[in-house]
1. Any idea which of GLN222, GLN203, GLN239, GLN195 is part of a helix (DSSP H, G or I) and either without any contact (Cβ under 8 Å) to a residue 40 or more places away in the chain or in contact with a Phe, Trp or Tyr (Cβ under 7 Å, 6 or more places away or on another chain) (or both)?
2. Could you list, in sequence order, all residues of the range 476-527 that are touching a residue at least 60 places away in the same chain (Cβ under 8 Å), part of a loop (DSSP other than H, G, I, E, B), within 41 Å of the chain's Cα centre (by Cα) and under 17 Å from ALA429 (Cα atoms)?
3. Answer yes or no: is there a residue in the range 285-293 that is of a type in the set (Gly, Ala, Ser) and modelled with pLDDT under 90.
4. Out of the range 311-334, which residues are modelled with pLDDT under 80 and not small (Gly, Ala, Ser)?
5. State all residues of the range 364-394 that are in contact (Cβ under 8 Å) with a residue 12 or more places away in the chain and part of a strand (DSSP E or B); if no residue qualifies, say none.
6. From (1) farther than 30 Å from VAL127 by Cα; (2) in contact with a helix residue (DSSP H, G or I) (Cβ under 7 Å, 6 or more places away or on another chain), pick out the condition that doesn't hold for ILE24.
7. Could you tell me which of the residues LEU86, LEU72, LEU39 is in contact (Cβ under 8 Å) with a residue 12 or more places away in the chain and either buried (at least 21 other Cβ atoms within 10 Å of the Cβ) or assigned to a helix (DSSP H, G or I) (or both)?
8. So, in the range 20-36, exactly how many residues are within 28 Å of ILE134 (Cβ to Cβ), crowded, with 22+ Cβ neighbours inside 10 Å and of a type in the set (A, V, I, L, M)?
Amino acid sequence: MTNLAVLIARETARERRTLVRAAILASLVTAASVALLGLSGWFITAAALAGAAGAAAAMAFNYMLPSATIRLLAIVRTGARYGEALASHAAALGAVARVRPAIFRGVAALPIRQALAVTSGDVTARVVNDLTAIEHDLVRRSAGPAALSAMLSGGALAGIGGLLPAVIIAATAAGVLMLARLIVRPLAAHASAAQAHNGALKQRMSLLLESAPELRCFGLEQSAAAEIRREADALNAAQLACADVHARITLLHVAAIGGSAAAVFALTAPAGAPIAAMAVLAAAMTIDGLAPLIRRIAGRAEVACAHARLGDLLGEADTAAPMRFAAPTVAFEPDAAIAHGGRMAITGASGSGKTTLIESLLSLRSVKPRTAWLDGVDIAYVAPKTLRAAFAWLPQDAALISGTVRDNLLMADPAASDDALWAVLADAAMDARVLAMPDGLDTWVGENGERLSGGERRRIALARAYLRPAPWLLLDEPTESLDAETEAQVVRRLEERLRRTGQGLLLASHRSLPQGLCSQRRSVELA
């Protein structure tokens, strides 16, 4: 059993009482629906015959009890349907809501090679569309008991006209369910293709929208639109193939309703018009009551595809606390360790691998043995959590989340106080700018900080790195996008911070001013 299957089974078990309640109510809905339609057919036909027979027969006919029963059944069906919808959706939404964080943790914990092979559009398609498919399947969990209730109710009513009509209803129901399973077999491939094209379309749309100014500048809008159209056409073709299969299932269901009604009518006609009317309508409603179960059967291919795709993303959560070094040394040569509190500039031409080396220290890339050592231990054999606990990192292309200044800083330390936030902003020479913003720390920065300048985004990301408690600062181009005056201020405050905290510094930069903070150099040569 996959990790995802175990997770869903556990979360579904937590909703067992709600799902049982939904199943009971769904069974009550179908039983009431079959009885309501069958009794209505009998009542209308019998009342018409009584009226046609003359005043005496009409007066003798008991209108009150059947009409009261019909009203009661209508009330029961309406109330049970409302309760079943509430219970089934509450159970499904509750279970899936607890699955989503586990999926996110699985994505975040993917091995590097696997993570780089999955696009953001594909991940979005999996987390949104695939979890929606699983959610719909959970909502339909009550379809089986409801179908059984419909068959028992319909068989009982049709059985008043003889045993054979009840057998016909049961045989038709079984045949419909068996044929539905055969018809949906091609759906797995079509559903998988639709999901894949959906992810590719989202990814392509995202990439092209990010490049919209450049595309417009170079007159490539039509070419970009053609790319999107090709992906959209592929998705449309896969969705049409799925729709074709669903249409066949619907045709089968409708034909079964009409066929069962005709067969039952032929068998019960000798018993009289009222009995025949009751049996015919009960048969039709019984087969109609299979609709939720047929939809669940049709959706199983999509659910299986969703399980397979999400299973690839869901790794085992690593709940073990990272091993921490009190004052770890860092070395790029076995016998040349940099003591805690030391400072080294990582230099080299553009594209030489400075960023790759820094990301290797954080296990964000596949690490080759003898790349670096942490407290004398080759980082190729150190757990990623342990490596990441040793470094507070500023990436070269640091991203800001769509939120406030506070939201972005608290990513590094969710429990940090406002005083701590202002302190790191001051160290990044960004405190005065944030203080001047309309809402201070609660100012909205937009998607990836689009409301800020490049230099402001850089300094907020730098402040976020400062906020993370770690023995080493790992800064990749910390003064990129800054003018000379601001750069000097940032470097001066970084010097003050290093003296105050005793943190070590590993710095990758092509600018001479921040390099002046470092007493040691490591040159990275072009491969």
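The values are calculated or read from the model by the stated rules, or taken from the named source; none is laboratory data. Not measured: the values here are computed from a predicted model. Don't worry about glycine lacking a Cβ; one is built from the backbone with ideal geometry, like all the others, and counts go over all protein chains shown.
1. GLN222
2. GLU477, PRO478, GLU480
3. Just the residues of the range 285-293 that are of a type in the set (Gly, Ala, Ser), to begin with: 289, 291.
The next check asks that each one be modelled with pLDDT under 90; those that pass are none.
Looking for residues that are of a type in the set (Gly, Ala, Ser) and modelled with pLDDT under 90, one finds none in the range 285-293, hence no.
4. ASP312, LEU313, LEU314, GLU316, ASP318, THR319, PRO322, MET323, ARG324, PHE325, listed by residue number.
5. TRP373, LEU374, PHE391, ALA392, TRP393, LEU394
6. (2)
7. Working: LEU86 fails: in contact (Cβ under 8 Å) with a residue 12 or more places away in the chain; LEU72 fails: in contact (Cβ under 8 Å) with a residue 12 or more places away in the chain.
One residue alone meets the criteria, LEU39.
8. 4
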